[in-house]
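Structure, as structure tokens:
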Amino acid sequence: MAATLGAPKVLLRRLREIMAHSESGEERLKKIVVEIAAIIVAEVCSIYLRRRDESMELVATEGLNPEAVHKTHLARGEGLVGLVTETAEPVNLPEAQDHPAFSYHPETGEEIYHSFLGVPILQRGRAVGVLTVQNRAKRHYSDEEVEALQITAMVLAELATSGELGPARAERAQGRRMFSGVALSKGIALGHVVFHVPRVAVERLIADNPEEESRRLAEAVEQLRSTVDDMLARGDVARAGEHREVLGAYRMFAHDRGWLRRLNEAVATGLTAEAAVAKVQNETRARVVRQTAPYLRERFNDLDDLSNRLLRVLTGRTTASGEELPEDTILVARTMGPAELLDYDRDRLRGLILEEGGAASHVAIVARALDVPAIGQAGGILSFLEAGDPAIVDADAGEFHIRPSLDVVSVYKDKLRFKAQQQAQYAKLKDRPAVTTDGVEIELLMNAGLLVDLAHFRETGADGIGLFRTEFQFMVSATLPRLGEQQKMYEKVLREVDGKPVVFRSLDVGGDKALPYLRSNPEENPALGWRAIRMALDRPALLRTQVRALMRASAGREMRIMLPMVSDVGELKAARALIDLEIRHMERHGHPMPERLLLGTMIEVPALLWQLDQLFPLVDFASVGSNDLLQFLYAADRSNMHVAQRFDPLSPATLRMLGEIVAKARRHKTPLTLCGEMAGDPLGAMALVALGFRSISMAPASLGPVKAMLRSLNAGAANKKLLGAIAEETGSVRDQLEAFAADTGVEI
């Protein structure tokens, strides 16, 4: 027998009556399962909640053996309840016992029931519990019944958040803890926790007047659209162009008909406007959590941020944090987009902790550009923190402390004082040359990809930009940037460097950096897929438009463009032909031309190592992309922490390979640079100089430490030591190089 029409509204009305009484969570649960069973016309209604050990505990039931409450525990992923938990989606079965995931627990007495419906109880897209109904008759539950249970699950999620259904928040948060994560941006920070998007508490779930809620939602959406339009129009140049560009994506989502339709449908079921936004947001989160495509997760960040903005409009909150940032903010989030970090006042932002995010993520690159100590892959940290908790981020060691003791705080304050003294010493080196003690001059270049990076250019005393990643402008834009937009971006970059050289890497997108407005098929191995020069040659208009924008921006001065992911000399020749077409186009139409055009290539695909004698005569310069070259060389994904640490860049195999590249570049008199994390590590940079590299490019924060190392290094002695170590060792030579630095007074 199916539930009567209007079950969601009837159930909401009864839930409101239950919630109005000041009873314990346990009593509320008992009444809730009774009401659901009656209104859904189910013989069984049960609630399971996730515990700290990831098991699911039966906490309330109507129809099963009451003695099983708090005694029945399902292991992670066990049974149909485990299936709902893992997928974060409803499971609706007319014959549950035929499903391969079915798990029988005799103490419950459920063997006589056949049909099963389970829906997840979601918090931030993660299932923290499961609400189920069962019947003896074999039947498929209706869409209205599924919706009724989903709305009830929202109420249960609110109770779970308040601590009434499980361990109290205070109990979870108490005590001092030290956690480990992955260092995204080096440094140490002391401060107090601020949540990036603190949960907007939806205090009123059930609508008194559905028509009034529909009106409130419509007004809030209009206000939201107006706010986004104002942010786009105000021309806040001081905080970088990418910030405004990403708001274009918010504008697009704010007018998305599908999103608005789902919001209105949720209100029509009897929810308040706030509850409707939270419901749609949670359902979307649950779907995206299972996505592996990075660009889908990046796009969801836009929609998630828009939902939070809409909730703040509805609840009258004006800012993401709900209050002015403290002077020592440690920002904590599940994940963030690269532009969102730019929203925060850098003078108050001390550190960043993310539950997700690897060293190669876009927000990590922005954090390094801002010189904000950051740690990622801090799984589950949000459940252990309260806003305002004291915290320490030690991104040098990949550790963070919450509610640290006074002794720990004292130790880190001493470390900060020492680092401040070091930074003052590095600042004094800004205008001094990077010359070794035996007179070898090294060109120190800076990596960049955002306009905010360039704020550090003059501070570092860099000799130029060795790698400007042009793809970020494309990745934060809702639509393909037009010719004029690209040209303006490149003009700003060139203005900031005061005539020093800039190497613009052509568009490196596709694969794991897919753009939502460029159609492409999912790939099993995106890093090895259709990306970079491969995409550019298949879609020549992309490369030609970018080259045209670069040439216009570089009129009257030198232009350097570098091609990524070249694996065959034929690809270089094909790209050169497209660039020549643009040169002829510019000349034919009388456009001002660059004074000089230099074409280079990245050496990051191992296949190119056996074509260097054919490659070097065709290019004006080359740059070793150590990050990709090493991950391809060792077949180890640098974003996969299970394998990324299984090899050392200072192994003989790596150093011999790099030494051969240097030798061939010298033979052909081709200028050679290395850009990558290896160059930004003083010990790694020492090894590169010992191999013969005379130009290296790195993140802004690394320039000071590397220059200090170089000015204390005898390059000739280092060369002899390194060659001897490579000949003797089969493993890493790191220990030998560290001993050499200690013995000779090299600052590493």
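Summary of values
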item: Whichever residue in segment 675-692 is touching a helix residue (DSSP H, G or I) at 6+ places or on another chain (Cβ under 6 Å) and not in a helix (DSSP H, G or I) and, among such residues, is farthest from Phe457 (Cα to Cα); result: Gly692
item: Checking Leu467 against (1) surrounded by fewer than 17 Cβ atoms within 10 Å (Cβ to Cβ); (2) touching a Cys at 6+ places or on another chain (Cβ under 6 Å), the condition it does not meet; result: (1)
item: For Val372: the one exception among (1) modelled with pLDDT under 85; (2) assigned to a loop (DSSP other than H, G, I, E, B); (3) not charged (D, E, K, R); result: (1)
item: Flag for Phe647 being part of a loop (DSSP other than H, G, I, E, B) and surrounded by 22 or more Cβ atoms within 10 Å (Cβ to Cβ); result: no
item: Residues satisfying the stated conditions in segment 252-265, i.e. at pLDDT 80 or above and either among the polar types (S, T, N, Q) or closer than 18 Å to Glu222 by Cβ (or both); result: Leu260, Arg261, Arg262, Leu263, Asn264
item: Phe457 within 23 Å of Leu672 (Cα to Cα), of a type in the set (Phe, Trp, Tyr) and in contact with an Asp or Glu (Cβ under 7 Å, 6 or more places away or on another chain); result: yes
item: Filter pass, Ala359 being at pLDDT below 75 and either assigned to a strand (DSSP E or B) or closer than 25 Å to Gly398 by Cα (or both); result: yes
item: Residue among Leu83, Leu122 that alone is of a type in the set (A, V, I, L, M), outside the structural domain of Gly380 (by TED's automatic domain parsing) and under 23 Å from Val34 (Cα atoms); result: Leu122
item: Counted residues, segment 372-421 - those being among the polar types (S, T, N, Q) and in contact (Cβ under 8 Å) with a residue 24 or more places away in the chain; result: 3
item: Qualifying residue in segment 89-97 (condition: out of contact with any strand residue (DSSP E or B) (no Cβ under 6 Å at 6 or more places or on another chain), not polar (S, T, N, Q) and not in a strand (DSSP E or B)); result: yes
item: Single residue of Leu722, Leu737, Leu713 found to be over 30 Å from Gly449 (Cα atoms), touching a residue at least 12 places away in the same chain (Cβ under 8 Å) and assigned to a loop (DSSP other than H, G, I, E, B); result: Leu713
item: Selection count where residues are crowded, with 21+ Cβ neighbours inside 10 Å and touching a residue at least 60 places away in the same chain (Cβ under 8 Å), scope segment 529-551; result: 3
item: Members of segment 55-85 that are in contact with a His (Cβ under 6 Å, 6 or more places away or on another chain) and not in a strand (DSSP E or B); result: Ser55, Thr72
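One line per residue, one yes/no per condition, for (1) of a type in the set (Ser, Thr, Tyr); (2) surrounded by 15 or more Cβ atoms within 10 Å (Cβ to Cβ):
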| residue | (1), (2) |
| --- | --- |
| Asp407 | no, no |
| Ser410 | yes, no |
| Lys413 | no, no |
| Leu429 | no, yes |
| Glu441 | no, no |
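The values are calculated or read from the model by the stated rules, or taken from the named source; none is laboratory data. A quick note: this is a predicted structure, and the numbers were derived from the prediction, not measured. When we count neighbours, we look across all protein chains shown, and the Cβ atoms used for this are built from the backbone with ideal geometry, even at glycine.
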